[in-house]
Each structure stands twice: as C-alpha cells, then as structure tokens.
Amino acid sequence: MCGIVGYIGPKPAVPYLLDGLKRLEYRGYDSAGVALLGEHGLQVLKTVGKVSQLSLKVSRARSEHVGFGHTRWATHGVPSEANAHPHLSADGKIALIHNGIIENYQPLREELKSEGVLFRSETDTEVLVHLIARHYHGDLAEAVRIALGLISGAYGICVLHQNEPDRIVVAKMGSPLLIGLGADESFIASDQQALVGHSDRFIVLEDGEMAVVRATDVSVFTVDMQPVEREAIELAEELERIDQGDYAHFMLKEIFEQPRTISDAFAGRLLPEEGGVRLGGIAPVIDRLKACKRLILTACGTSWHAALVGEYILEDMLRIPVEVEYASEFRYRNPVIDEDCCVIAISQSGETADTLAAMKEAKRKGALVLGICNRVGSAIARESHAGVYLHAGPEIGVASTKAFTSQLVVLILLAVHMGRLRNLGYNHGRQVVDELRALPGRVQEILDSSEHIRAIAEKLAGHNNALYLGRGPFFPVALEGALKLKEISYIHAEGYPAAEMKHGPIALIDENMPVIVIAPRDDNYDKVISNIQEVRARRGKVVVVATRADTKLAELADEIILIPEAQPITLPILAAIPLQLMAYYTAVKRGCDVDQPRNLAKSVTVE
Ligand code: M6R
C-alpha cells in the first residue's frame with residue numbers, strides 16, 4: 001500500500017527520500033509528500049499525483065538532514081493535497097506519516113473535534129497526530145506510545161517533532177517497517193527496495209514495537225516500554241535494484257523474464273535421478289506434512305488463482321482433500337481446522353494483510369502453516385512454520401505476472417515432494433521433473449509469438465466487455481486472464497467455467513462480445529469444442545488458446561493463439577502467458593497506465 005521512507009544523518013535527506021519514494025511508488029501512487037526538519041523548522045510539502053510531481057516541488061538541493069516521505073494509496077478520503085501525508089499537528093510542530101488503517105478513528109475524531117481540534121483532512125491518520133500532540137509534554141516517544149494505546153487498527157508510522165530534531169520515532173502494527181543502518185546515519189523504509197544502495201544492514205520492527213531512530217543509534221522497545229534486542233539483517237544479496245531495462249513497462253519486462261523466473265523457481269530443487277524434488281524450506285516440518293490429511297490453500301487475487309490451479313494438481317497427485325479459500329473470508333467463517341490440516345498461504349508480496357490474518361487464524365486453531373511467497377523475510381515468510389520461496393525477483397508491475405507462473409511451479413514442486421512421500425511413483429515424479437525442465441524453452445516460444453498476440457489484442461481493445469472460459473485447471477487460468485485484462489485495461493471481463501456459460505452468461509453473447517477460450521488438448525477438449533460452438537451460434541467472437549498440433553479449433557475460432565504441446569500439468573502455466581500478453585497489449589492500445597493502473601496498489605497491507 002503506502003510507501004514510507006525516512007532519513008536522519010549528516011547528508012541532505014531529500015535525495016534519499018525522493019529516490020526511495022520513487023522505488024516504492026508501485027505500492028501506492030495517488031499522492032505523495034515529505035516532511036523536512038532543519039534550520040527553518042518543520043516543513044511539509046505535498047502533491048496529488050506521482051512522485052515525479054513531488055520532485056517538481058521539492059528541490060534536491062535542500063539542506064535538511066532529517067525528514068521522511070510517503071506515497072499514498074487512499075483508504076479514507078479522496079486523493080488530494082489535504083489528504084496526502086505527512087499530516088501536521090495544529091501547532092505545526094509534529095509531522096506524521098502512516099501506512100495502515102486506524103479503525104476507531106471516527107469516535108476519536110468526534111472527541112477531538114469537541115475539544116476544539118480543527119481537522120484539515122478526511123483521513124483516519126490525522127486523529128493520530130492530534131492525539132500525539134495532546135499527550136506531548138517534551139518527550140515525543142512517550143507521546144506516541146500513549147497515543148498508540150488509544151487507537152486500534154494497523155499502522156507503520158514515522159513521527160517528527162520540531163523540538164527534537166535528533167530523532168524520528170517509528171512504530172509498527174501490521175504494516176511493514178524497516179530501519180536501515182549506516183555509518184552515522186539511519187534510514188527508514190517500508191520495503192527493502194528503498195534501502196538498496198544506501199544501507200546493507202537493517203532491523204525489522206515487529207508488531208507492537210516502537211523505535212527511536214537517531215543518526216548514530218536506534219533503540220527498539222515494545223509499546224509497554226520493554227527494551228528489545230534486535231539483530232540486524234544483511235540486505236538480501238539477490239535484491240536487485242529496480243530497473244526497467246529497455247522495456248516500455250515493468251509488466252512487459254516481467255512477462256518476458258518468465259523463462260528465467262520459472263527456471264529459478266525450480267533451480268537446485270529437482271532430483272531427476274530420484275523422480276522427486278528437494279525443498280529445504282519445508283524440511284523442518286516434513287514429518288508433520290507427511291501426516292497431514294487435508295490441505296487448505298489460502299490467498300488473494302492472482303495468488304488465489306494460483307491456489308485454484310494448485311488444488312487440481314495437489315489433489316490429483318496426493319489423493320487427499322484440498323480446498324481453496326479466499327484469505328479475506330477465511331477467518332470470518334470459522335473454518336474447520338485441526339492439527340491434521342496444513343494451511344498453505346500463497347502471496348507474491350508476503351505482506352497481504354488478509355493472507356496474514358488467515359495464517360494467524362489457522363495457527364491459532366493448531367494447523368501447520370506453510371508460506372509460498374516471493375519476498376524473502378516478508379511478514380508472511382516470518383509468520384509461517386516453514387515455506388518455499390519463489391525466487392522470482394522483485395515484481396513491480398501492479399498486475400502480477402511472473403509471480404503467478406512461479407507460484408504454479410512451486411505448487412507443482414510441492415505436489416511432487418509430498419506425493420513422493422506418499423504414493424506417487426518414480427515414473428510419475430520423473431515425468432513431472434522432465435516437464436518442468438522443458439518449461440522455460442516452451443514459455444520462450446510463446447513469447448517469440450508476441451507480435452501475433454499484439455495484433456489480436458489491438459482488436460480486443462475496441463471492446464468494453466470480454467468473457468474468458470476454461471474447464472478444469474484452465475478455469476482458474478480464465479479467471480486470471482480476466483483479472484489481468486480488467487486491472488490494466490479497465491475492460492469489464494469475467495472468467496467462467498466453460499460449461500457454466502449456458503447457465504447464465506450466455507445471455508451476454510452477441511457479435512460485440514469477445515470470448516476467449518482456453519482450450520489446450522486435455523481430457524475436456526471435446527467438451528470445450530461444444531462450448532465454443534454454443535458461442536459461435538450466438539455470433540460471439542471467439543479467440544482460442546490451443547495447443548500447437550490442434551487441427552479442429554483453427555476453423556472454429558476467429559483468432560487462434562497456439563502454445564507448445566506439453567503434459568497437462570504444465571499447460572496452465574503455458575496458457576497463462578498469452579493471456580498476460582493480451583492484457584498488456586490491450587491496455588497499451590487503450591493508452592492506460594499499465595504499471596500503475598488506477599485505484600490499485602501492489603501490496604494490500606490493509607484488510
Ligand atoms: O502479494 P499477494 O500475492 O498476496 O497479492 C494478492 C493480490 O493482491 C494480488 O495478486 C492482486 O490481485 C494483483 N493486483 C493481481 O494482479
């Protein structure tokens with residue numbers, strides 16, 4: 001969601017703040033602002049729009065050595081300068097930035113108003129700065145501590161007081177916050193990416209903790225004033241500086257990276273001689289995993305679609321019940337969970353608040369909780385008993401692409417690993433291992449046909465609706481194709497199991513409705529052909545994703561996209577690639593902001 005950066009040290013703060021905000025901008029980008037503390041006192045500069053707009057207002061030549069910055073994803077109040085962070089106390093001496101949601105802000109706001117406090121914004125955040133001001137008696141950390149005791153919700157905050165220029169007070173509950181350590185300087189960031197090139201060691205603040213950050217030292221303590229000894233962590237070596245290369249957008253770069261990211265997901269993990277795989281991350285819990293009788297996969301958005309594909313794969317190979325739950329619904333429906341159950345949380349960012357909440361609920365009920373995520377050391381990685389990383393590298397485009405295919409690879413690895421501990425034979429395991437090894441080359445073949453997909457997408461761009469159909473594991477792939485299209489091109493798109501179409505959505509079909517059918521050769525192939533006939537009979541425009549040796553579909557479809565032949569287990573991965581490209585080229589044709597589509601943010605750290 002929102003991005004947070006802060007600096008205190010001998011150098012001017014602005015260059016780090018602007019560079020850090022730019023790198024975190026994918027997390028939220030409707031407005032931005034900085035607070036700077038120097039010889040002219042405390043100053044706040046804000047703007048609606050992106051960090052590039054803020055850069056026009058904040059000169060890099062400014063000399064203040066203390067400050068913080070924020071890039072916002074609106075929760076309470078429209079994107080406006082007044083609602084942008086930092087927020088100031090009434091006397092202008094305290095500045096605050098916040099990532100998260102203050103759930104009880106409404107009664108607090110009323111109470112403060114009745115005391116005569118004038119609110120300048122519609123945000124939930126502003127109550128906190130006024131509460132801190134109310135309790136400030138010369139000790140900022142103490143005032144923050146008392147104010148935090150009055151609020152409920154999620155937060156990562158940074159606070160400055162004009163009279164205490166040697167410190168930034170920070171606190172965390174639910175939203176990520178890191179403190180980078182340098183030589184006589186300290187950095188604050190809500191994401192490791194902002195620290196790259198500035199600090200190679202950092203402290204992770206945990207929920208319920210605060211810190212007083214000075215240039216030369218950082219003291220961490222709990223909100224109950226218990227001191228905390230926290231080891232510094234080395235910044236992950238594999239953390240790349242975010243770089244778009246020669247690609248027009250991060251999303252396109254990330255789509256084209258997939259041959260590499262897919263092979264990185266299985267690199268060092270395949271054991272062809274044993275017809276199995278090695279997953280070091282789950283070794284400590286392997287006995288419990290072996291004994292588990294039921295799996296629940298939980299996730300949101302694209303990761304939830306990966307879970308749905310995983311359900312087919314895991315159930316097929318393990319022969320135990322596998323369920324998929326929206327993480328956002330999980331804890332509100334009192335799920336039946338016991339110690340024989342393993343809950344697997346899937347997340348690219350490792351920060352999604354709903355997924356974290358689901359994991360906590362599962363743990364509370366005694367389940368073994370595994371995490372499949374991309375961000376090393378993220379909250380979800382830390383919350384799980386054990387897990388498997390995707391190793392896909394940073395994903396910056398808001399629309400998830402390479403993380404999805406890596407999630408599918410990891411789910412296949414998990415299925416083979418668990419399967420070989422149960423009844424899965426060597427030959428079957430070996431066949432899957434061989435399929436995985438062939439996968440990057442096959443993905444590259446699809447990418448090589450991107451111009452053909454672009455031509456189809458440019459026709460799609462003229463439509464306002466689209467229907468995506470698939471059967472079996474291609475139904476979640478259809479859901480994912482529809483999600484990609486709607487997220488970045490704002491075309492209304494629905495994914496449906498192909499056979500369900502005749503139970504309702506068929507009413508929508510006419511010559512203006514493009515229907516994208518995912519129909520690789522598998523056991524359901526003939527049935528899908530019947531579904532395509534039903535669309536054609538209503539003059540719908542049919543775009544088919546089919547396997548290369550297909551002889552029937554070219555005649556039936558208005559457009560056909562061919563993917564390489566493969567065993568069914570990897571076909572969902574192959575089928576997803578053209579859908580990603582189609583969404584991308586459609587959005588570009590419609591002139592949309594592909595990497596930062598309206599209203600969205602990369603990591604959803606609020607419930
Ligand atoms: O980081 P996560 O995988 O936990 O994120 C889950 C969803 O918020 C995410 O997949 C979202 O749906 C993306 N915008 C999809 O492109």
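When the square roots of the Cα gyration tensor eigenvalues are ordered a ≥ b ≥ c, the ratio a/c for the stretch 91-131 is 1.5 or more and a/b does not exceed b/c, which makes its shape oblate.
Using 0.36 nm times the number of residues separating Gln567 and Asn599, minus their current alpha carbon distance, what extension gain do you get? The partial results should precede the final answer.
On the way: separation 32, 0.36 × 32 = 11.52 nm, distance 3.86 nm.
Here the answer is 7.7 nm.
Its Kirkwood hydrodynamic radius, worked out from the mean inverse distance over all distinct Cα pairs, puts the stretch 179-255 at 14.2 Å. Our summary of shape: the Cα atoms of the stretch 450-589 have principal axis extents of 34, 31, 25 Å, ordered from largest down, in whole angstrom. Rounded to the nearest 20 debye, the dipole size of the chain about its Cα centre is 740 debye, using +1 on the Cβ of Lys and Arg and -1 on the Cβ of Asp and Glu. With an a/c value of 1.5 or above and a/b not larger than b/c for the gyration tensor axes a ≥ b ≥ c computed over the alpha-carbon atoms, the stretch 244-443 is described as oblate.
At a 10 angstrom cut-off on C-beta neighbours, averaged per residue, how do the peptides 285-295, 407-417, 456-466 rank from highest to lowest?
The peptides rank, most packed first, as 407-417, 456-466, 285-295.
With the simple model of a label 7 Å out from the Cα in the direction of the Cβ, Lys11 to Lys293 spans 5.9 nm. State which stretch of the chain is the longest one without any exposed chymotrypsin sites (Phe, Trp or Tyr not before Pro), exposure meaning a DSSP loop state and at most 16 other Cβ atoms within 10 Å. In short, 333-489.
Just want to confirm a number: the relative contact order over the stretch 450-589, from Cα pairs under 8 angstrom separated by 6+ residues, in percent. For the stretch 450-589, the relative contact order is 31 percent. For the residue pairs Lys57/Lys486; Lys502/Lys541; Lys527/Lys602; Lys11/Lys57, the C-alpha atoms sit more than 27 angstrom apart in Lys57/Lys486; Lys527/Lys602. Dipole of the chain computed with +1 at Lys/Arg Cβ and -1 at Asp/Glu Cβ about the Cα centre; of Ala236, Ala498, Ala537, farthest Cα towards the positive end is Ala537. Here the contact order of the chain, divided by its residue count and restricted to Cα pairs under 8 Å and six or more residues apart, works out to 12 percent. Restricting the stretch 335-436 to trypsin sites (Lys or Arg not before Pro) that sit in a DSSP loop and have at most 14 other Cβ atoms within 10 Å of their own Cβ leaves Arg422.
First select every other residue whose beta carbon is under 14 angstrom from the beta carbon of Arg214; then total the charges, Lys and Arg +1, Asp and Glu -1.
Details: positive: Arg167; negative: Glu164, Asp166, Asp184, Glu185, Asp217.
For residues surrounding Arg214, the net value is -4.
Rounded to the nearest whole Hz, the Karplus-based 3J(HN,Hα) values (6.51 cos²θ - 1.76 cosθ + 1.60, θ = phi - 60°) of the stretch 590-607 follow the sequence 7, x, 8, 7, 4, 6, 10, x, 4, 6, 9, 8, 5, 10, 9, 9, 10, 6, with x at glycine and proline.
Taking 7 Å steps out from each Cα toward its Cβ at Leu508 and Asp523 produces label points 2.9 nm apart.
At what distance in nm do the modelled label points of Arg538 and Asn423 sit from each other, each positioned 7 Å from its Cα along Cα→Cβ? Spacing of the two 7 Å Cα→Cβ label points: 4.1 nm. Give me the distance between the Cα centres of the stretch 410-481 and the stretch 216-294, rounded to whole Å. Rounded to whole Å, the Cα centres lie 22 Å apart.
Accessible area of the stretch 3-241 with a 1.4 Å probe: how many percent of it is carbon plus sulfur? Numbers along the way, then the final one.
Working: 4670 of 9060 Å².
Of all accessible area on the stretch 3-241, carbon and sulfur atoms account for 52 percent.
Rounded to the nearest 0.05, what FRET efficiency do Asp340 and Glu445 give with R0 = 51 Å and r taken as the Cβ-Cβ distance? Could you check? The calculated FRET efficiency here is 0.75. Cross-link candidates for Lys172: which lysines have Cα within less than 18 Å, leaving aside residues fewer than 8 places away along the same chain? Leaving aside lysines fewer than 8 places away in the same chain, those within reach of Lys172 are Lys360. The C-alpha atoms of the chain define a longest principal axis, and helix 571-589 lies at about 60 degrees to it. On the accessible surface of the stretch 450-589, probed at 1.4 Å, how many percent belong to carbon and sulfur atoms? The nonpolar share, carbon plus sulfur, comes to 48 percent. Taking the inverse of the mean reciprocal distance over all distinct Cα pairs, the Kirkwood hydrodynamic radius of the stretch 426-491 comes to 14.4 Å.
Annotation: per residue accessible area for the chain equals 37 Å², rounded to a whole number [probe 1.4 Å, protein chains only].
Applying the criteria of a DSSP loop state and at most 12 other Cβ atoms within 10 Å to the trypsin sites (Lys or Arg not before Pro) of the stretch 5-109 yields Arg60.
What does the extension gain come out to for Lys113 and Arg437, with contour length at 0.36 nm per residue minus their alpha carbon separation?
Numbers: separation 324, 0.36 × 324 = 116.64 nm, distance 6.38 nm.
Contour length minus the Cα-Cα distance gives 110.3 nm.
Considering only alpha-carbon pairs that sit under 8 angstrom and 6 or more positions apart, the relative contact order computed for the stretch 3-241 is 19 percent.
Could you check what % of the DSSP bridge pairs in the chain are antiparallel, to the nearest 5? Kindly include the intermediate steps, with their values, before the conclusion.
On the way: 64 of 105 bridges.
Roughly 60 percent of the beta bridges in the chain run antiparallel, per DSSP.
Between 0 and 90 degrees, the angle of helix 402-421 with respect to the longest Cα principal axis of the chain falls at about 70 degrees. Using only Cα atoms and rounding to the nearest 10 degrees, what angle (0 to 90) does helix 353-364 make with the longest principal axis of the chain? The two axes meet at around 80 degrees. By the Cα gyration tensor, the chain has an equivalent ellipsoid whose semi-axes, rounded to whole angstrom, run 45, 27, 22 from largest to smallest.
Note: the stretch 91-217, Cα convex hull, 104 Å³ per residue. Using only the Cα atoms of the stretch 533-592, build the gyration tensor, take square roots of its eigenvalues as a ≥ b ≥ c, and label the shape rounded, prolate or oblate: rounded if a/c is under 1.5, else prolate if a/b is larger than b/c, else oblate. Oblate, since a/c reaches 1.5 and b/c is not below a/b.
The values are calculated or read from the model by the stated rules, or taken from the named source; none is laboratory data. Predicted model, so just to flag it, every value in this text is computed and none were measured. Glycine gets a Cβ as well: all are built from the backbone with ideal geometry, and neighbour counts include every protein chain shown. Heavy atoms of the whole protein, side chains included, go into the accessibility calculation; ligands, DNA and RNA do not. Shrake-Rupley method; radii C 1.70, N 1.55, O 1.52, S 1.80 Å.
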